[in-house]
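All remarks here apply to the structure that follows.
Every read-out reported here was derived from the displayed coordinates using simple, explicitly stated rules and does not represent laboratory data. Since the structure is predicted, the reported quantities are computational estimates derived from the model, not experimental observations. Here Cβ is always computed from backbone atoms with ideal geometry, including for glycine, and neighbour counts include all displayed protein chains.
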Amino acid sequence: MVQMGQYPPAGHVLVHISDTHLLGGGRALYGKVPVEQRLVEALRRIEAGPVKPDALVFTGDLTDLGEPDAYRRLRAAVEPVAQRMGAELIWVMGNHDERAPYASLLFDEPETEAPQDRVHDIGGLRVISLDTTVPGYHHGELTRAQLDWLAGVLATPAPHGTIVAVHHPPVPTPLEVMAVLELHDQPALAEVLRGTDVRLILGGHLHYSTHSTFAGIPVSVAAATCYTLDLGADAARLLSGVDGGQSFDYVHVYADQIVTSTIPATDFPEVTGFSVDYRPMIESMPPDVRHEQLSSKTSPLNLNEAAASDV
C-alpha cells in the first residue's frame, strides 16, 4: 500500500469498545434498548470497516447484571468476529460485572472473587487489563496489592510500550452524579504510572466519549454501545441516558504517538465520498500529481467529486 502522507502505517491498531451491558436471554435494557442488537451492529461495522485490528478491547460493564447467560451471549457474539479478523480479545471488568462468572465464562477459569488483572502481549505492545471494580459497589478502587503488582509488571518496559485498560477512567467528569462513582485514590495510581512506559489509558464507565491526561499520560474514554449519557440534556435532568450516539473507538499506535478516533456504532446516509475503485488510480500517481489532484480545489478529481455531491 502506497504511503500518501508523512506518516507510515500504524504499527498496531486496536478497537476500543465499552459498556455493552448485555442481559440474559437477549432482553432489552430497561425494557427499551436492544443492547445485544446494538452490539451486533457495532461488530458488523468493525468487521466490514477498513481497519483490521490486532485486538478488540472491551473496557467493562460487559453485562448489566452479571448473569451467566449474558456472558455466554457476549462471547458467542464477539469471539467469531475476533477470530475471523485475527484479533486478540481483551476483556476488562466493569462495576456491573461479577468476578466469578466473568472468570469462568470468559476465560474458562475457576470461579473466583479475586481481582481480574491480566497482561496481554500484542506483538510487543503490552496491554494491561486492570480491574478497578469493588464487589457490591459501583465506584472504583485499586488495592495496594494490585498497585504493587502493576508496578512490578511495569518495571520492565515493553518493546512498543504499554496501554492500560480500566473501566473507571482517572479523569474528572462534568456529570456530578457520575463523579461520586469515580476511581478512588487516583494519586496512588499516578505514583505507579508516572515515569513508566505507559503510553495510553483506555477507559469506559462514563457512557460518553471524552479525552484527558493523567500523570502525563493521555486518557481515551470510549462511549457505550448500549446507551449514552447526554451531557447537553435539559438542565432539569440530573442525568439523562439516551438511546443514541453509541460509538466505539479506533486506536492507532505509531512509533512516537497514538491517535484515537471515535466511530459511530451505526451507519448514516452517505452524502459524498469516493469509491475504493479510485485507490489504484490514486496510488499510481506520482506524489506531486497525487498532491495536486487531491489538494487543489480546481483539480478534475475534486471538481468531479463536488459535482457528484450536488446530484
*asked:* Pick from F214, F58, F268 the residue whose mean-square fluctuation is largest in a GNM of the chain, springs joining Cα atoms under 10 Å.
replied: F268
*Cβ-based charge dipole, the chain, positive-most Cα from T196, P269, P135*: P269
_Residue-span extension gain [E270 to Q83] - 0.36 nm each, minus C-alpha spacing_ = 64.4 nm
*For the chain, what does -39500 (n - 2.57) per DSSP helix run (n ≥ 4), summed and divided by total residues, give at 222 nm, in deg cm²/dmol to the nearest 500?*
-8500 deg cm²/dmol
*Determine the dipole magnitude for segment 82-145: charges of +1 sit on the beta-carbon of Lys and Arg, -1 on that of Asp and Glu, nothing else is charged, the reference point is the Cα centre, and the result goes in debye to the nearest 20.*
240 debye
_Residue (of G5, P159, G241) at the positive-pole extreme of the chain, dipole from beta-carbon charges_ = G5
*Hey, got the dipole for the chain? About the Cα centre, +1 on K and R Cβ, -1 on D and E Cβ, debye to the nearest 20?*
380 debye
*Per residue and in cubic angstrom, what volume does the convex hull of the Cα atoms of segment 92-249 have?*
122 Å³
_Can you tell me what share of the DSSP beta bridges in the chain is antiparallel? A percent to the nearest 5 is fine._
55 percent
*In percent, what relative contact order does segment 12-264 have, based on Cα pairs under 8 Å that are 6 or more apart in sequence?*
20 percent
*Using label points projected 7 Å from each Cα along Cα→Cβ, tell me how many nm separate F107 and R72, to one decimal.*
2.2 nm
*Label segment 191-311 by shape, choosing from rounded, prolate and oblate, from the square roots a ≥ b ≥ c of the eigenvalues of the Cα gyration tensor; if a/c is under 1.5 it is rounded, and otherwise prolate applies when a/b is larger than b/c, oblate when it is not.*
oblate
*So what's the chain giving for Rg/Rh, alpha carbon basis, Kirkwood Rh from the mean inverse pair distance?*
1.00
*Assuming R0 = 25 Å, what is the FRET efficiency of R237 and V259, from their Cβ-Cβ distance, to the nearest 0.05?*
0.15
*Computed from the mean reciprocal separation of all distinct C-alpha pairs, what Kirkwood hydrodynamic radius does segment 7-160 have, in Å?*
16.5 Å
_Rotationally averaged projected area of segment 116-182 (alpha carbon convex hull; nm²)_ = 5.3 nm²
_Spin-label pair E141/M178, simplified geometry with 7 Å Cα→Cβ offset, distance in nm_ = 2.3 nm
*Gain in span if fully extended, R279 to S296, counting 0.36 nm per residue against the direct Cα distance*: 4.3 nm
_Compute the helix-to-body angle for 144-154: its Cα long axis versus the longest principal axis of the chain, expressed 0 to 90° and rounded to tens._
40 degrees
*Quick one: which of 22-34, 244-256 comes out on top by average Cβ neighbours within 10 Å, and what's the full order, highest first?*
244-256, 22-34
*Under 11 Å from the Cβ of H205, count the other residues' Cβ atoms, weight Lys and Arg +1, Asp and Glu -1, and hand me the total.*
-3
*Hey, what's the Cα Rg ratio for segment 50-108 versus the globular rule of thumb, 2.2 N^0.38 Å?*
1.12
